Amino acid sequence: MKTKLMSWTMAAALAAMIAVPALAGPNPKPAQAPGPAPARQGGGEAAKHPRLHEAMRSLEVAKKHLEAAPKEFGGHRVKAIEHINQAMEEVRAALRYAQEHKE
């Protein structure tokens, strides 16, 4: 139970770090809900599901930041990386599902 709670807490913290752009630095623009990502030329999978691809890029950046962290933080840094890897696999699964079901 305690391990599950810790996992959920770490996942929530990671999601907050990704979702809150203020943590990345000063932003002079007021916060707004993101609009649809611009469509890409060519009609590939990225154009069909831009938010999934953007989420994957965000997860990759977060993983690189954690991997470059100078400390272990009591094992929590490694656990957060494991959660990111799991999240990345879920995004890949969602993209495979979309491809198979032509959503």
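Summary of values
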read-out	value
Neighbours by Cβ (under 6 Å, 6+ apart or cross-chain): first from the stretch 81-103, within 18 Å of Ala47 (Cβ to Cβ); second part of a helix (DSSP H, G or I) and of a type in the set (Gly, Ala, Ser)	Val91/Ala55
Odd one out for Ala87, checked against (1) modelled with pLDDT of 95 or more; (2) assigned to a loop (DSSP other than H, G, I, E, B)	(2)
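One line per residue, one yes/no per condition, for (1) on the phi > 0 side of the Ramachandran plot; (2) outside any helix (DSSP H, G or I); (3) modelled with pLDDT of 95 or more; (4) touching a Cys at 6+ places or on another chain (Cβ under 9 Å):
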residue: Ala22; (1), (2), (3), (4): no, no, no, no
residue: Pro28; (1), (2), (3), (4): no, yes, no, no
residue: Ala33; (1), (2), (3), (4): no, yes, no, no
residue: Ala62; (1), (2), (3), (4): no, no, yes, no
residue: Gly75; (1), (2), (3), (4): yes, no, yes, no
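The values are calculated or read from the model by the stated rules, or taken from the named source; none is laboratory data. It should be emphasised that the depicted structure is a prediction, and the values quoted were computed from it without experimental measurement. Methodologically, a virtual Cβ is constructed for each residue, glycine included, from the backbone with ideal geometry; neighbour enumeration extends over all protein chains shown.
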